[in-house]
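The values are calculated or read from the model by the stated rules, or taken from the named source; none is laboratory data. Values in this document were obtained by computation on a predicted structure and should not be read as measured data. Counting neighbours? That spans all protein chains shown, and the Cβs are built from the backbone with ideal geometry, glycine included. Note: accessible area is taken over every heavy atom of the protein model, side chains too, but ligands, DNA and RNA are not part of it. Shrake-Rupley method; radii C 1.70, N 1.55, O 1.52, S 1.80 Å.
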There are 2 protein chains.
Amino acid sequence: MVRKVGVAILGLGVVGGGTYQTIVDHHDFYLKTQQIDLTVEMVLDKSEERLNALGIPKDRWAGSIEEVLANPCVDIVVETIGGVGAAKAFVLAALRDGKTVVTSNKELICKYSHELERVAKRTGCGLYYEASCVGGVPIIRTLLDGVQANHVQKMMGIVNGTTNYILTKMTYEGADYAETLKEAQRLGYAEFDPTNDVEGFDSMYKLSILSSMAFHTKVPYTNIFREGISKICTQDIAYGKEFGYTLKLLAIGKNTEKGIEVRVHPTFIPSSHPLASVNDAFNAVYLTGDAVDDIMLYGRGAGALPTASAVVSDVIYAATHSEVKYSTFKNTEKAEAGVKFVSDFSSAYYLRLSVQDAAGVLAKISNIFGKNGISIVQISQKNGAEGDERVPLLVITHKTSESAVKNAVAKINATQLATVDAVIRVEA
Amino acid sequence: MVRKVGVAILGLGVVGGGTYQTIVDHHDFYLKTQQIDLTVEMVLDKSEERLNALGIPKDRWAGSIEEVLANPCVDIVVETIGGVGAAKAFVLAALRDGKTVVTSNKELICKYSHELERVAKRTGCGLYYEASCVGGVPIIRTLLDGVQANHVQKMMGIVNGTTNYILTKMTYEGADYAETLKEAQRLGYAEFDPTNDVEGFDSMYKLSILSSMAFHTKVPYTNIFREGISKICTQDIAYGKEFGYTLKLLAIGKNTEKGIEVRVHPTFIPSSHPLASVNDAFNAVYLTGDAVDDIMLYGRGAGALPTASAVVSDVIYAATHSEVKYSTFKNTEKAEAGVKFVSDFSSAYYLRLSVQDAAGVLAKISNIFGKNGISIVQISQKNGAEGDERVPLLVITHKTSESAVKNAVAKINATQLATVDAVIRVEA
């Protein structure tokens, strides 16, 4: 009882090309293990060069999305274009036409899942996007069908390969940010304009998607606190190590009694934490559920074949299951009624100050912390540079609120006796 | 469109009790997030004490499996009895009666999945067993629906909590095996008769289940090489550390051109490997697929609530999906026709010898290794105990065959100049 399943791939870049290759190479394997005769019926890409490089026969080249949708052999449309321009228009057209869509597009799903789901529900077709988050790691399948018995209380993820590569190099090779970024660009790990990755937008889109699923309410990306890694000094990574911390760009989601707390920022975590040893371009998501306790999924967050693994696994899932699970929350554009978001979140903090090396200064600063209700776990004064009037002072605080820290920082800077040069949040 | 789903739980021990608690505590949560009204309609356990301790209302107590199956409100039967006696009879009865079964029973699935699947296919009901392997970690869901686009080439798992707890204590606290086992028994981490865990039977059952799924052929447990941890000396763990290795009881499955290779044994892995930092009662499975590359799933491998998370996630899956995926291989009792198993596998080895501290001995031993085609990576002579004629000699070999090592060991022992006191396989 073999079933024929035809796929069209829109966008034959890194992920689309990997998807094409994976389907072609595994044809007989899927026939045997999944009882499906899976073939790429059409491809759509402006670049003939790409299509030729992949060796795709010319009779499969489509000239337009209309041509793709008019082909009765196409059951599933794979979108690997990226962005929210053509990708959005094509996905909507496919869904309107009753074609199931598999996409790797995090920005599209993050920003427009409500529009896409509405159409998909109406026409009764599927919308799958495992590949949009954490490459080949089946985190979405896990949230939907692996830990769905749990209230997910907390999620911490290293979900961007570029920034993890950069931070790993800064941590283990001591190079500075600008230098490491250049090297990453040279190696193709970072784009020419790296903003999307290094400023945390990519992680933010993924956190919006994952926390929406985990917490059973749309978590709009506009509710996510976001800070990138472009201001990180290698010196702070080294100081953090002395306190037993490792620096990672984390996407953090918490579902607490006070509300949902979602944030992306450079974070010190204990070096013994499983996430601390996730290095280079590897990614991982660490989840805590009320029954399962802690689990972690680890793997390659990007790359042609790892991401294609997620795309094709979704294609096979779509081809072999009739039920489609859409978001179960009512409003897929905004958060559910009654859901609160915590904006003034609490955290422990690492602060690096430059202080005048004079009597009474430390007392003044301590006083400012105290007045803002910030209690201190550890304080450590370092040697300054030769001839420098000011010396570095490192402070680790107990858990306190973001607003208290902001106030304290402003007050300290106003004293003229010290400046706060780095503020890094700490998670246990 | 809420659907009523009734569950019966057979066996209210640790996992069954956790399952009862999880379903009761999450009733409203599942109503909201899964649109199912999930209730425990009946329970079956000989011990009234247990049922009372869990606070289960008496009108839900069943006196027999017949009473459970006669209840029209029971849609899904959860089996958490364990073993292959009553558990097998009850599961078969439920399946014959057209009830979907969710089980945590690794021995039952490993030994009798062919009988159970045959009946399930005939009566059209589901058979789910995520909880049989690695507690709350959704490894079976991942193999079925997360990485199914891949040829899985290799799998290495720490799949038994008791032995990982014991080895972690031996590694970090230096206590010996007997002492640590006693402590584990006192804490309830090891059973009174620990054979099933410490001799690797439990890991073997799980490896049979997981490698069958990963390699798309039944992998009978009788094909698995098995060696437990009861003969491990703490001294070897310490010596291994000097070479950069950490000792773990691994379940290893490889699908190579020569055939399928499946084995459970204490294994040295590089201390930098992600599995090396999986400690105490935590478990993890490290998979390599031809597209996804390396991924790892990590979490609690046992315990009431983590295992219940897997049981109840299966129950929800069964209640919300109509397609059941049975094994796709034809013969679920034996390996598929044409599948070969590698019995004389290859590995690197750590050997600890006691050698006479005399001229010419090392040359003789080296000669034996050479004649058996074993080449040596590293050799290190240690100081012996005061007054001891013999001194420890540690040898790390390149990859070689198990049979070559066995021959060499026999030859060395026959010299009377040295004995081989420990043989531990090394994986990269």
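Here are A:G253, A:G240, A:G259, A:G244: which of them is at positive phi and out of contact with any Lys or Arg (no Cβ under 6 Å at 6 or more places or on another chain)? Walk me through how you get there before you give the answer.
Numbers: A:G253 fails: at positive phi; A:G240 fails: at positive phi; A:G259 fails: out of contact with any Lys or Arg (no Cβ under 6 Å at 6 or more places or on another chain).
Every option except A:G244 fails the conditions.
Name the residue that is nearest to the chain's Cα centre (by Cα), counting only residues in region B:232-259 that are under 16 Å from B:S272 (Cα atoms) and open to solvent by 50 Å² or more (accessible area, probe 1.4 Å).
B:K241
Pick from region A:183-225 the residues that are closer than 21 Å to A:Y112 by Cβ and part of a loop (DSSP other than H, G, I, E, B): which of them is nearest to the other protein chains (Cβ to nearest Cβ)?
The selected residue is A:H216.
Among the residues of region B:8-18, are any within 14 Å of chain A (Cβ to nearest Cβ), in contact (Cβ under 8 Å) with a residue 40 or more places away in the chain and open to solvent by 70 Å² or more (accessible area, probe 1.4 Å)?
yes
Assess whether B:D97 counts as being in contact with a strand residue (DSSP E or B) (Cβ under 6 Å, 6 or more places away or on another chain), open to solvent by 10 Å² or more (accessible area, probe 1.4 Å) and under 30 Å from B:T328 (Cβ atoms). It would help to see each step written out before you state the result.
Numbers: in contact with a strand residue (DSSP E or B) (Cβ under 6 Å, 6 or more places away or on another chain): no; open to solvent by 10 Å² or more (accessible area, probe 1.4 Å): yes; under 30 Å from B:T328 (Cβ atoms): yes.
Answer is no for this residue.
Could you please find all residues in region B:54-71 being assigned to a helix (DSSP H, G or I) and either within 33 Å of the chain's Cα centre (by Cα) or among the acidic types (D, E) (or both)? Talk me through it step by step, then tell me what you get.
Filtering region B:54-71 down to residues assigned to a helix (DSSP H, G or I) leaves B:58-60, B:65-70.
Hits for region B:54-71 are B:D59, B:I65, B:E66, B:E67, B:V68, B:L69.
Are any residues in region B:318-338 more than 9 Å from every other protein chain (Cβ to nearest Cβ) and outside any helix (DSSP H, G or I), and if so, which ones? Walk me through how you get there before you give the answer.
Narrowing region B:318-338 to residues more than 9 Å from every other protein chain (Cβ to nearest Cβ): B:318-319, B:324, B:326-327, B:330-338.
Once the filter is applied, which keeps residues that are more than 9 Å from every other protein chain (Cβ to nearest Cβ) and outside any helix (DSSP H, G or I), region B:318-338 yields B:V324, B:Y326, B:S327, B:K330, B:N331, B:T332, B:E333, B:K334, B:A335, B:E336, B:A337, B:G338.
Hey, could you check region A:244-269 for residues that are basic (K, R) and under 17 Å from A:F345 (Cβ atoms) and say which is farthest from the other protein chains (Cβ to nearest Cβ)? Talk me through it step by step, then tell me what you get.
Initial filter on region A:244-269 (basic (K, R)): A:248, A:254, A:258, A:263.
Those still in the list that are under 17 Å from A:F345 (Cβ atoms) too: A:254, A:258, A:263.
Details: A:K254: 17, A:K258: 19, A:R263: 24 Å.
Ranking the qualifying residues of region A:244-269, first place goes to A:R263.
Select from region A:270-280 the residues that are open to solvent by less than 30 Å² (accessible area, probe 1.4 Å) and in a loop (DSSP other than H, G, I, E, B) and write down the one among them that is nearest to the other protein chains (Cβ to nearest Cβ).
So the first thing to find is which residues in region A:270-280 are open to solvent by less than 30 Å² (accessible area, probe 1.4 Å), and the list is A:273, A:275-276, A:278.
Subsequent filtering for residues that are in a loop (DSSP other than H, G, I, E, B) retains A:273, A:278.
Details: A:H273: 10, A:V278: 8 Å.
Looking at the filtered set, the residue picked out is A:V278.
Quick check: is even one residue across region A:358-378 without any contact (Cβ under 8 Å) to a residue 40 or more places away in the chain and touching a Leu at 6+ places or on another chain (Cβ under 7 Å)?
no
When the residues of region B:374-390 are narrowed to those that are under 33 Å from the mean Cα position of the chain (by Cα) and not aliphatic (A, V, I, L, M), which ends up nearest to B:G240 (Cα to Cα)?
By that ranking, first place goes to B:Q378.
Taking the condition of being open to solvent by 10 Å² or more (accessible area, probe 1.4 Å), within 18 Å of the chain's Cα centre (by Cα) and small (G, A, S), how many residues in region B:142-177 meet it?
So the count comes out to 1.
Any chance region B:339-350 includes a residue that's assigned to a loop (DSSP other than H, G, I, E, B), more than 13 Å from chain A (Cβ to nearest Cβ) and surrounded by 15 or more Cβ atoms within 10 Å (Cβ to Cβ)? Spell out the reasoning first.
First, the residues of region B:339-350 that are assigned to a loop (DSSP other than H, G, I, E, B): B:339-340, B:342-345.
Right, trim to more than 13 Å from chain A (Cβ to nearest Cβ) and you get B:340, B:342-345.
The next check asks that each one be surrounded by 15 or more Cβ atoms within 10 Å (Cβ to Cβ); those that pass are B:342, B:345.
Yes: region B:339-350 contains one or more residues that are assigned to a loop (DSSP other than H, G, I, E, B), more than 13 Å from chain A (Cβ to nearest Cβ) and surrounded by 15 or more Cβ atoms within 10 Å (Cβ to Cβ).
Within the bounds of region A:183-204, is there any residue that is among the hydrophobic types (A, V, I, L, M, F, W, C), free of Cβ contacts under 8 Å to residues at least 60 places away in the same chain, surrounded by 24 or more Cβ atoms within 10 Å (Cβ to Cβ) and within 27 Å of B:Y298 (Cα to Cα)?
Looking through region A:183-204, none of the residues is among the hydrophobic types (A, V, I, L, M, F, W, C), free of Cβ contacts under 8 Å to residues at least 60 places away in the same chain, surrounded by 24 or more Cβ atoms within 10 Å (Cβ to Cβ) and within 27 Å of B:Y298 (Cα to Cα).
Read through the list (1) in contact (Cβ under 8 Å) with a residue 40 or more places away in the chain; (2) in contact with a helix residue (DSSP H, G or I) (Cβ under 6 Å, 6 or more places away or on another chain), then give the number of the only condition that B:G161 fails.
Every listed condition holds for B:G161 apart from (2).
Output the number of the condition that B:F369 fails; it satisfies all remaining conditions of (1) touching a helix residue (DSSP H, G or I) at 6+ places or on another chain (Cβ under 7 Å); (2) under 21 Å from B:E261 (Cβ atoms); (3) not β-branched (V, I, T).
(2)
Kindly state which helices (runs of 4 or more DSSP H) lie completely within region B:88-182 and contain at least 2 residues that are away from chain A (no Cβ under 14 Å), over 30 Å from A:A308 (Cβ atoms) and among the polar types (S, T, N, Q).
Values: elements: B:106-123, B:139-145, B:161-173.
Passing ranges, in order: B:106-123, B:161-173.
I'm trying to understand the selection: among the residues of region B:66-101, which are hydroxyl-bearing (S, T, Y) and under 19 Å from B:Q21 (Cα atoms)?
Our first condition is that a residue be hydroxyl-bearing (S, T, Y); within region B:66-101, this holds for B:80, B:100.
Within region B:66-101, just B:T80 meets the criteria.
Identify, please: which residue in region B:32-48 is open to solvent by less than 20 Å² (accessible area, probe 1.4 Å) and more than 10 Å from chain A (Cβ to nearest Cβ) and is, among those, farthest from the chain's Cα centre (by Cα)?
B:I36
Name the residues in region A:286-317 that are of a type outside the set (V, I, T), open to solvent by 20 Å² or more (accessible area, probe 1.4 Å) and more than 7 Å from chain B (Cβ to nearest Cβ), would you?
A:Y286, A:D290, A:A302, A:G303, A:A304
How about region A:393-428: which of its residues are part of a strand (DSSP E or B) and either free of Cβ contacts under 8 Å to residues at least 60 places away in the same chain or open to solvent by 70 Å² or more (accessible area, probe 1.4 Å) (or both)?
Of all residues in region A:393-428, those part of a strand (DSSP E or B) come to A:393-397, A:400-401, A:418-426.
Those that are part of a strand (DSSP E or B) and either free of Cβ contacts under 8 Å to residues at least 60 places away in the same chain or open to solvent by 70 Å² or more (accessible area, probe 1.4 Å) (or both): A:L393, A:V395, A:T397, A:T400, A:S401, A:D421.
Can you pull out the helices (runs of 4 or more DSSP H) entirely within region A:1-53 that have at least 2 residues that are among the polar types (S, T, N, Q) and under 18 Å from A:L305 (Cβ atoms)? If you could, list the steps in order and put the result at the bottom.
Values: elements: A:14-25, A:27-34, A:48-53.
The helices (runs of 4 or more DSSP H) meeting that bar are A:14-25.
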